[in-house]
1. Can you pull out every residue in region B:206-224 that is surrounded by 17 or more Cβ atoms within 10 Å (Cβ to Cβ) and touching a residue at least 40 places away in the same chain (Cβ under 8 Å)?
2. How many residues are surrounded by 15 or more Cβ atoms within 10 Å (Cβ to Cβ) and either part of a strand (DSSP E or B) or free of Cβ contacts under 8 Å to residues at least 60 places away in the same chain (or both) when one looks only at region A:11-23?
3. Does region A:136-171 hold any residues that are outside any helix (DSSP H, G or I), surrounded by 21 or more Cβ atoms within 10 Å (Cβ to Cβ) and within 12 Å of chain B (Cβ to nearest Cβ), and which are they?
4. For residue A:116, state whether it is under 17 Å from residue A:26 (Cα atoms) and touching a residue at least 12 places away in the same chain (Cβ under 8 Å).
5. Scanning for something touching a strand residue (DSSP E or B) at 6+ places or on another chain (Cβ under 6 Å), part of a strand (DSSP E or B) and under 30 Å from residue A:119 (Cα atoms), does region B:94-117 turn up at least one residue?
6. Between B:79, B:44, B:8, which is surrounded by fewer than 17 Cβ atoms within 10 Å (Cβ to Cβ), away from chain A (no Cβ under 14 Å) and in a helix (DSSP H, G or I)?
7. I'd like the full set of residues that are crowded, with 21+ Cβ neighbours inside 10 Å and more than 14 Å from chain A (Cβ to nearest Cβ), limited to region B:49-59.
8. I need the full set of residues from region B:106-135 which are buried (at least 21 other Cβ atoms within 10 Å of the Cβ) and more than 9 Å from every other protein chain (Cβ to nearest Cβ), in order please.
């Protein structure tokens, strides 16, 4: 397994592969890898074949964090990540630095280093519709950071396909939209959310939870199951369903609901009637830890 | 010479070339071609060699026009353009439609077609610093349209290099910045402005000028020459120079100055002292026709 740190070296390598006609599957991550990420590596491998290459990037992208979010304490463990990558059959791990990715920028403040205002990083990709609701509504500029870094990584790794986890459903919809709108020559693959035996969706942020919180965090999955049961035999008004689920989540007193939304899975447009095939997404805080989950009803 | 209209067909072709390892040079245009564009085709040819491919796109990009600008009357003459392309040795001309480039959008209003709000085109590239001054200050969203369409065309044509004319100096600086910031695997080449014998920079918009305006339009070039003379032996205060040039342009009463600016050629940062090596740019109206020009002092 090859480890690449410099952006220029990554792109040089990618162009070599391109000239040789090698198939490349790409898994962008923020590290702190778990079984969810590894399932994406296996999906990429399955699609590019044994002769193809699977590239995984590890980069905690500062531009997708808000000023009061968990950028500084986001879990990092490169040695462990590399071990897991090796075991999962990754060919190349790309781990750039902030200075490589955002030249001339103070990435903690997302502002140019004082003297450098005119040469600092200054180009962003903005998706204007799908990113207005849910995560976009409560995390301003989050998706601007996501689309920008994904575009950069696509240009550095030059994959024919990229695999994303369904757990970040809105992110997947926005990355797909960006890929279509800007004509990226990349196919977006969505792999299912991997869950713990109790139903809790795997997430790097689960590490923040204490044992009591971890037990109650399963409420996110229970909400999805409850909503599935509610629409199994008939469609129901979305407002009624959301009110029911908001009451239901009170069963986990450590959870503080941020939002619960029912919407069209592709357009993310809120529906007035929830039924089978409607998508549900929710976010909840456990103290300062914020978890998200979603599912098809 | 091959003519390609569908975006998907263009990208399919580009990927074939990529697999075969063919070198591709790209010249994006809005059509209504003149000797300036053809000089870009020749520069691309020189660089990719006889075995390489030169692709020229013709697309009047609606998203870079403001609501009160000349989108509807922008000159179009595809038959003549194709003739010139053939003569200049272009291999492929890509002429997409608005429906291909901005699916689901009413491009004249740059808004989604009513029922389509959630599936319409919604992703833009925004350069936030270099695009604030000069053209960006007087043409809101102009450069957002430029960067967005250039990114789309890069992804459809997959060139190793793209050639732009120096006449749109700020555009070149912003396209270079975007290419660096988003790590496009494309080299940006800048070719010198081509001028009529009297010094007037060639532009598709020169067609709008009546004979009297055309004669006086040479004032833009004269302003640059005058500024060059002013700094030949000593540096001068920028404010003084701009005031002098503003007076000087009154010699052409049909011209209405929009702006004249002196700045660093790379960062576009205004200078307080103009000297050799400073860049000058200006824009002027002749009735409703707006012309730009620039030069190194």
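The values are calculated or read from the model by the stated rules, or taken from the named source; none is laboratory data. The structure displayed is predicted, hence computed values, not measured ones. Every residue, glycine among them, receives a Cβ derived from its backbone with ideal geometry; neighbour counts consider all protein chains shown.
1. B:206, B:208, B:209, B:213, B:216, B:217, B:219, B:220, B:221, B:223, B:224
2. So the answer is 1.
3. Across region A:136-171, the qualifying residue is only A:158.
4. no
5. No, the conditions are met nowhere in region B:94-117.
6. Just one listed residue meets the conditions, B:79.
7. Across region B:49-59, the qualifying residues are B:53, B:54, B:55, B:56, B:58.
8. Answer for region B:106-135, where residues must be buried (at least 21 other Cβ atoms within 10 Å of the Cβ) and more than 9 Å from every other protein chain (Cβ to nearest Cβ): B:134, B:135.
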